[in-house]
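Each remark here refers to the structure printed beneath this line.
The values are calculated or read from the model by the stated rules, or taken from the named source; none is laboratory data. Everything quoted here is computed from the prediction, not taken from an experiment. Cβ sites come from the backbone with ideal geometry, for glycine too, and all protein chains shown count toward neighbours.
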Amino acid sequence: QVQLVESGGGLVQAGGSLRLSCLASGRTFSSYGMGWFRQAPGKEREFVAAIGWSTYYADSVQGRFTISRDNAKNTVYLQMNSLKPEDTAVYYCAAGRLRSSYYGTRDTSYDYWGQGTQVTVSS
């Protein structure tokens, strides 16, 4: 069992930056692919970024967001720069075992999810 706790969300003006963190419990963090997804009001959950066999980004955040991980700290980060109002959403961290079927952009690849952290970007 892996528990995930996100932090770092908040209110920021357009053009600003935030860094989200996700702390994972357990001793096998490095054997998991980690992803960030988001869900805006009235919309379906969508993929944002992942780090597993490689790093993956949604087209909408490519060049603005950076995912990274520190296995010694059991933490994955999402650095978000040049934020736009359309980035407003609840951001969820997810963990999925790095097995042959792992595909970072698909939510079905993930076994565990955090509770989410709100990011609001004002115009």
Note on segment 43-55: residues at pLDDT 95 or above and surrounded by fewer than 19 Cβ atoms within 10 Å (Cβ to Cβ) are Lys43, Glu44, Arg45, Glu46, Thr55
Restricting attention to segment 2-39, the residues that are within 16 Å of Val90 (Cβ to Cβ) and surrounded by 14 or more Cβ atoms within 10 Å (Cβ to Cβ) number exactly 16
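Just to verify a result, which residue in segment 97-122, among those that are in contact with a helix residue (DSSP H, G or I) (Cβ under 8 Å, 6 or more places away or on another chain) and at pLDDT 95 or above, is surrounded by the fewest Cβ atoms within 10 Å (Cβ to Cβ)? Even if it seems obvious, please write down each step before you answer.
Pass one, segment 97-122, residues in contact with a helix residue (DSSP H, G or I) (Cβ under 8 Å, 6 or more places away or on another chain): 97-98, 101-103, 119, 121-122.
Checking the rest, the ones that are also at pLDDT 95 or above come to 119, 121-122.
Values: Val119: 22, Val121: 20, Ser122: 11.
Ranking the candidates gives Ser122 first.
Yes/no per residue for (1) outside any strand (DSSP E or B); (2) touching a residue at least 60 places away in the same chain (Cβ under 8 Å):
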residue	(1), (2)
Gly26	yes, no
Lys43	yes, no
Ala49	no, no
Leu83	yes, yes
Gly96	no, yes
Tyr102	yes, yes
Gln118	no, yes
